């Protein structure tokens, strides 16, 4: 992450006051989870008043500009939407929402977290692992069930 971008991200996190829903804590969890993955590069794109996007790409990724986007959605309180390209993950328990054209114009599966839900966090972590692997090893991609 570029130094200026990292500074913007740190300022955003410092200024974000935690609420009872623990969404700041969730965001920090996913940021840390992604940053610990070998070969993953993070980017932060703030759009004040709309969203704050943490995007992850693998250094060996060729086909797309990211494999996950963790959006902080402005609201009272803020909440998270974690979106993946639909072709990069499976959603066997159908916990996500299929969003046609929902991720940079391509079909997506998005998981909305309005409050801390440890079971859903664990489920999303499996999707993060899967999307990361599939981002640079497309031959391993699963074909999600059609809806």
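The values are calculated or read from the model by the stated rules, or taken from the named source; none is laboratory data. Values in this document were obtained by computation on a predicted structure and should not be read as measured data. A quick note on method: Cβ atoms are made from the backbone with ideal geometry, for glycine too, and the neighbour counts reach across all protein chains shown.
Figures for the structure shown
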{"read-out": "Which numbered condition residue 34 misses (of (1) in a helix (DSSP H, G or I); (2) surrounded by fewer than 16 Cβ atoms within 10 Å (Cβ to Cβ))", "value": "(2)"}
{"read-out": "Residue satisfying all of: in the range 81-102; assigned to a strand (DSSP E or B) and in contact with a helix residue (DSSP H, G or I) (Cβ under 6 Å, 6 or more places away or on another chain); farthest from residue 114 (Cα to Cα) among these", "value": "84"}
{"read-out": "Residue 69 vs. criteria closer than 26 Å to residue 122 by Cβ and modelled with pLDDT under 95", "value": "no"}
{"read-out": "Residue check, residue 53 closer than 22 Å to residue 3 by Cα and free of Cβ contacts under 8 Å to residues at least 40 places away in the same chain", "value": "yes"}
{"read-out": "Checklist (1) in contact with a helix residue (DSSP H, G or I) (Cβ under 7 Å, 6 or more places away or on another chain); (2) assigned to a helix (DSSP H, G or I); (3) more than 25 Å from residue 114 (Cα to Cα) applied to residue 5, failing item", "value": "(1)"}
{"read-out": "Residue in the range 19-26 that is at pLDDT 95 or above, surrounded by 16 or more Cβ atoms within 10 Å (Cβ to Cβ) and either within 13 Å of the chain's Cα centre (by Cα) or within 17 Å of residue 127 (Cα to Cα) (or both) present", "value": "yes"}
{"read-out": "Conditions (1) more than 16 Å from residue 135 (Cβ to Cβ); (2) in contact with a helix residue (DSSP H, G or I) (Cβ under 6 Å, 6 or more places away or on another chain); (3) not in a strand (DSSP E or B): number failed by residue 60", "value": "(1)"}
